[in-house]
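Below: one structure, written as C-alpha cells.
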Amino acid sequence: MHVKENNNRSAMIIMAILFFVFGFVTWLNGPLITYVKLAFGLDTDSKAFMVTTAFYMAYFFLALPSSWVLEKTGMKKGMAMALIVMAVGTFLFGHFATQRNYSMSLLGLFIIGSGLSLLQTASNPYISIIGPIESAAKRISIVGICNKIAGIISPIVLSAFVLKGITELEGRVSAAADQSAKDSILNEFASKIYTPYTIMAVVLVLLGVWILKSALPEIKTSEANVQAPGSSSDKTKTSIFHFPHLWLGAICIFFYVGVEVMAGDAIGTYGKGFHIPTDETKYFTSYTLAAMLLGYIIGLIAIPKYISQQAALKYSAVLGIFFTVAAFLTKGYLSVGFVAALGLANALMWPAIFPLAISGLGKFTEKGSAILIMGIAGGALIPKAFAAFKDEYGFQLMFFVLMIPCYLYILYYSIKGYKAGQNK
C-alpha cells in the first residue's frame, strides 16, 4: 500500500509538470492573436482568430487517432511522443512566423494542437483514474493549479519578450512612409518570436525524453475505471454508444472550452472594443487565468470534502451566467473585469465534466477520453464566430449571445445529463 501511495505521489508530480507545460503553450494563444494581427498585417480580427481555430481544430481531427496510438504505445510512451510532436510544431511556428508566412505558421499551431491532443487524451483519464474517481476533480484541481500558473506566466513572458511597446509600434507602422518601410518594421517585430519558440521546442524535447525514462506507472484503464457489477459499466455495455453520459459530456466539453477560450483568449479583443490600448489588453489573458487559479484552489479545498463534483459544476454554470450578464450590462474596465471573472466560473468545469463523463467506461476509457478531447474544438469555433460577427452586431451582444447558451447547457449536464444511461 505504501509503495502504491509513493507511486501515485510520483505520478502526480510528473503530471503536474506536464500540465504546467501544456498550460504554458496553450495560453500563449491570447497574446499570439495580438502578435499575428500586427506581424502579418491582418486587416480583421477574424483572420487573427485563425490562431485559435488552427490550434483547437487539431483536437477534433487528432483525438480519435490519439486513442488508437495510446492503445498501441501505452499512456507513458504516448505522452513522451506527444511532447516531441509539440516540439516540432513549436519550432515550425517560430521559424515561419519569423518569415511572416501565416499559412505555414498556422500549420505549426495545428501540429502543436495535435501533440496536445495526444497528451490530453492520455493525461486527463490518467489523472482521473490514478485514484478514486469520486475525488478525480480534486486531483485535476492540483494539476490544474500548475496549468493555470503557467497560463498566467506565459502571456506575461511573451508580452515582455515580443509585445513590449506594441502600441508605439502600431503607431510607427501606421506612420510608415511606404510599404517597404512598413515591411522593414514588421520583419523586425516578427523575428522576436523566434528565440522564445526555439527555446520552448528544446525544452519540450528534453521533457519527452525525461517522461520516457521516468518511473511513471502504466495504468490498465479496463481495470481501473470500472464500477460494481450491475452498474453502468457492467458486461451489458458492449459499445461506446452505450454510454449516453459520455456523448452528452463531449457536447458539454465543446461548450465549456468555447467559453474558456472566449474568456481567456478573446478578452484582449473584447477590451479593445472599449478602445483600451494594446499595451494593456495584451495582459488581460493573465487576469482571466489568475481568476481560474483561484477557482482551482477553491476546488482543491472543497472537493469532495464539502461539495461534490456535480454540485461544483452546477454552481460554476450559474456563476458563469451571472458574470456574462454583468459583463453585458456594464462598460469599459468593469465589463472586462467581469469577463476575467469568468475564469473563476470556468475553473472547476473541466475537473468536474471529465471524470463525470468517463465514469465507468472501463475498457472504453481511451476512446471515451478521445471523444471528450474532440469536444475541445469548441475553442476553435465559438471564438471564431465571435470574431466574425462582432463588428456587425456589436462585440458585447455577440459575446452575450454566444456565452449564455453554452452555460445553460453546462447547467443541464450538471443537473441531469451526467446521469444519462447510468444507475444514479
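Values computed for the structure shown
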read-out: Criterion (outside any helix (DSSP H, G or I), modelled with pLDDT of 90 or more and among the small types (Gly, Ala, Ser)) met by exactly one of Gly41, Gly89; value: Gly41
read-out: Extreme residue, nearest to the chain's Cα centre (by Cα), among residues of region 379-408 that are within 17 Å of Gly249 (Cα to Cα) and open to solvent by less than 40 Å² (accessible area, probe 1.4 Å); value: Gly379
read-out: Every pair of residues 6+ apart whose Cβ atoms lie under 9 Å, when the first sits in region 402-424 and is under 21 Å from His242 (Cβ atoms) while the second is part of a loop (DSSP other than H, G, I, E, B) and open to solvent by 70 Å² or more (accessible area, probe 1.4 Å); value: Tyr418/Lys424
read-out: Breaking point among (1) in contact with a helix residue (DSSP H, G or I) (Cβ under 7 Å, 6 or more places away or on another chain); (2) part of a helix (DSSP H, G or I); (3) more than 25 Å from Thr52 (Cβ to Cβ), for Gln422; value: (2)
read-out: Residue that is surrounded by the fewest Cβ atoms within 10 Å (Cβ to Cβ), among those in region 122-162 that are outside any helix (DSSP H, G or I) and of a type outside the set (Gly, Ala, Ser); value: Pro132
read-out: Filtered residue count, region 183-198, keeping only those that are among the aromatic types (Phe, Trp, Tyr) and either open to solvent by 40 Å² or more (accessible area, probe 1.4 Å) or out of contact with any Gly (no Cβ under 8 Å at 6 or more places or on another chain) (or both); value: 2
read-out: Of all residues in region 168-182 being open to solvent by 50 Å² or more (accessible area, probe 1.4 Å) and part of a helix (DSSP H, G or I), the one that is farthest from Val261 (Cα to Cα); value: Ser180
read-out: Scan of region 269-301 for residues that are touching a residue at least 24 places away in the same chain (Cβ under 8 Å), of a type in the set (A, V, I, L, M, F, W, C) and assigned to a helix (DSSP H, G or I), ordered by number; value: Phe284, Leu289, Ala290, Ala291, Met292, Leu293, Leu294, Ile297, Ile298, Leu300
read-out: Tally of residues being open to solvent by 50 Å² or more (accessible area, probe 1.4 Å) and either of a type in the set (Lys, Arg) or more than 21 Å from the chain's Cα centre (by Cα) (or both) across region 70-121; value: 9
read-out: Flag if Thr281 is within 28 Å of Phe389 (Cβ to Cβ), in contact with an Asp or Glu (Cβ under 8 Å, 6 or more places away or on another chain) and either modelled with pLDDT of 95 or more or open to solvent by less than 10 Å² (accessible area, probe 1.4 Å) (or both); value: no
read-out: Residue check, Ala201 in contact with a Leu (Cβ under 6 Å, 6 or more places away or on another chain), outside any loop (DSSP other than H, G, I, E, B) and either open to solvent by 20 Å² or more (accessible area, probe 1.4 Å) or modelled with pLDDT of 95 or more (or both); value: no
read-out: Val318, sole failed condition from (1) of a type in the set (Val, Ile, Thr); (2) under 21 Å from Tyr409 (Cβ atoms); (3) buried (at least 17 other Cβ atoms within 10 Å of the Cβ); value: (3)
read-out: Any pair with Cβ under 8 angstrom, 6 or more apart, that starts in region 144-173 at a residue that is closer than 29 Å to Ile127 by Cα and ends at one that is open to solvent by 60 Å² or more (accessible area, probe 1.4 Å); value: Ile145/Ile297; Cys146/Ile17; Cys146/Phe20; Asn147/Phe20; Ile149/Phe20; Ala150/Phe20; Pro155/Tyr283; Ile156/Tyr283
read-out: Single residue of region 361-378 satisfying the filter (surrounded by fewer than 24 Cβ atoms within 10 Å (Cβ to Cβ) and over 21 Å from the mean Cα position of the chain (by Cα)) that is farthest from Pro304 (Cα to Cα); value: Lys363
read-out: Options Phe40, Phe60; residue that is at negative phi, touching a Lys or Arg at 6+ places or on another chain (Cβ under 7 Å), of a type outside the set (D, E, K, R) and open to solvent by 10 Å² or more (accessible area, probe 1.4 Å); value: Phe40
read-out: Conditions (1) over 22 Å from Met398 (Cα atoms); (2) in a helix (DSSP H, G or I); number of the one not met by Pro304; value: (2)
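Residues checked against (1) in contact (Cβ under 8 Å) with a residue 60 or more places away in the chain; (2) not hydrophobic (A, V, I, L, M, F, W, C):
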position: Asp178; (1), (2): no, yes
position: Asp183; (1), (2): no, yes
position: Ser191; (1), (2): yes, yes
position: Tyr194; (1), (2): yes, yes
position: Met200; (1), (2): yes, no
position: Leu206; (1), (2): no, no
position: Val209; (1), (2): yes, no
position: Lys213; (1), (2): no, yes
position: Pro217; (1), (2): yes, yes
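The values are calculated or read from the model by the stated rules, or taken from the named source; none is laboratory data. What you see is a predicted model, and the numbers here were worked out from it, not measured in a lab. Using ideal geometry, Cβ is built from the backbone for each residue, glycine included, and neighbour counts are taken over all protein chains shown. The accessibility values were calculated without ligands, DNA or RNA, using every heavy atom of the protein model including side chains. Shrake-Rupley method; radii C 1.70, N 1.55, O 1.52, S 1.80 Å.
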